Amino acid sequence: MTADDVVVDVAGLRMRYGTTDALHDVTFQARRGEVLALLGPNGAGKTTTIEILEGFRARSAGRVEVLGADPARAGEDWRARVGVVLQSWRDHGKWRVRELLAQVAAYYTGYTTPWDPDELAAAVGLAGQSDQKIRTLSGGQRRRLDVALGIVGRPEVLFLDEPTVGFDPAARHDFHDLVRGLAAEGRTTILLTTHDLDEAERLAGRILVLDHGRIIGDGTAEELARRIAGRDEVRWSLRGERFSAPTDEPARLVHQLYRDHGGDLHDLEVRRASLEATYLSLVGRAEGAPR
Ligand SMILES: Nc1ncnc2c1ncn2[C@@H]1O[C@H](COP(=O)(O)OP(=O)(O)OP(=O)(O)O)[C@@H](O)[C@H]1O
């Protein structure tokens, strides 16, 4: 990773609210084009971290750089390069989708080349709602609009705080497609917070597990699962008897079983080391650790 590739650089970040330490010593980096999930239980410090990176909250200690600048002191030109998806724009119920996108796009003129409102509406799946008033949108459509407003200035870094809370499965699916589409372009670094393992696994190339203000896991879903839950498991039955074996190479074991037992082999199953088991194990371990 070269210094130019590092878009988010956090070292020794601490946050104290009164007498409560919400972040102890958080250190991580994100590269250009990377999708990073901050995963953790309630109160882990996800929102606090992301608000500090967005420049909306002053930290207690530590070094934070986003696009080479300290968010606590960065100016308008920096802000134009950073996208933040806020909770729904409920105050603008009387505005039409295109109008609001055009209005917000106009703020970026002079800093970046914002999206054309109609192209952006189409990109987030709101082409059919461009002329609709915001208060008439469904929850999922409104969330798409939130995302559209977050990306209207073509940000280099996009922050999404619990983006799919309250979504139905179809809206979640569409939203995931939208984020994957943005990520596929490779120019936007995306940092999202979630409680949802499935969402983290689907969207993020890398997952940071945060618990009680500390990072207790960092890697791809597969790396985390292997590191903690260990090996995959192969299960089978042979002449009415059940067997199981842990293995690092399930394909090789399955091949061997077929070679040795052929048609006598039944109920063959490969269980991958799961992110869920890893997460529960990580968070469970941290429960017993000193704070
Ligand atoms: N403004 C505040 N004043 C005092 N304490 C706060 C404040 N904001 C957050 N906290 C505390 O800091 C800790 C981390 O909170 P934070 O909201 O960052 O967690 P989170 O991981 O985003 O949780 P959730 O998943 O529930 O949204 C919690 O103990 C919370 O009570």
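Listed values, structure above:
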| read-out | value |
| --- | --- |
| Hits in segment 114-138 - residues which are within 19 Å of residue 92 (Cα to Cα) and in contact (Cβ under 8 Å) with a residue 40 or more places away in the chain | 124, 133, 134, 135, 137 |
| Yes/no for residue 67 being touching a residue at least 60 places away in the same chain (Cβ under 8 Å) and open to solvent by 70 Å² or more (accessible area, probe 1.4 Å) | no |
| Matching residues in segment 96-112 - criterion: being in a loop (DSSP other than H, G, I, E, B) and surrounded by 16 or more Cβ atoms within 10 Å (Cβ to Cβ) | 112 |
| Condition met for residue 181 (crowded, with 17+ Cβ neighbours inside 10 Å and within 26 Å of residue 209 (Cα to Cα)) | no |
| Hits in segment 41-61 (condition: within 11 Å of the ligand (Cβ to nearest atom) and surrounded by fewer than 22 Cβ atoms within 10 Å (Cβ to Cβ)) | 41, 42, 43, 47, 48, 50, 51, 57 |
| For residue 38: the one exception among (1) in a loop (DSSP other than H, G, I, E, B); (2) open to solvent by less than 30 Å² (accessible area, probe 1.4 Å) | (1) |
| Test: residue in segment 17-35 that is closer than 27 Å to residue 184 by Cα, at pLDDT 95 or above and among the hydroxyl-bearing types (Ser, Thr, Tyr) | yes |
| Leading residue by the ranking (nearest to the ligand (Cβ to nearest atom)) among those in segment 117-148 that are open to solvent by 10 Å² or more (accessible area, probe 1.4 Å) and within 22 Å of the chain's Cα centre (by Cα) | 143 |
| Condition check for residue 13: in a strand (DSSP E or B), out of contact with any Cys (no Cβ under 6 Å at 6 or more places or on another chain), over 25 Å from residue 185 (Cβ atoms) and open to solvent by less than 30 Å² (accessible area, probe 1.4 Å) | yes |
| Residue list for segment 86-95, filter: open to solvent by 80 Å² or more (accessible area, probe 1.4 Å) and over 22 Å from residue 159 (Cα atoms) | 94, 95 |
| Residue list for segment 201-217, filter: more than 13 Å from the ligand (Cβ to nearest atom) and under 13 Å from the mean Cα position of the chain (by Cα) | 201, 202, 203, 204, 205, 206, 207 |
| Total residues in segment 184-195, condition touching a helix residue (DSSP H, G or I) at 6+ places or on another chain (Cβ under 9 Å) and open to solvent by 10 Å² or more (accessible area, probe 1.4 Å) | 1 |
| Qualifying residue in segment 16-32 (condition: touching a residue at least 12 places away in the same chain (Cβ under 8 Å), among the β-branched types (Val, Ile, Thr) and open to solvent by 30 Å² or more (accessible area, probe 1.4 Å)) | yes |
| Within segment 149-166, considering residues that are within 16 Å of the ligand (Cβ to nearest atom) and either under 20 Å from residue 31 (Cα atoms) or open to solvent by 10 Å² or more (accessible area, probe 1.4 Å) (or both), the one modelled with the highest pLDDT | 159 |
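The values are calculated or read from the model by the stated rules, or taken from the named source; none is laboratory data. Just so we're clear, the structure is a prediction, and the values are computed from it rather than from any experiment. When we count neighbours, we look across all protein chains shown, and the Cβ atoms used for this are built from the backbone with ideal geometry, even at glycine. To get the accessible areas, we keep the full protein, side chains included, count just its heavy atoms, and leave off ligands, DNA and RNA. Shrake-Rupley method; radii C 1.70, N 1.55, O 1.52, S 1.80 Å.
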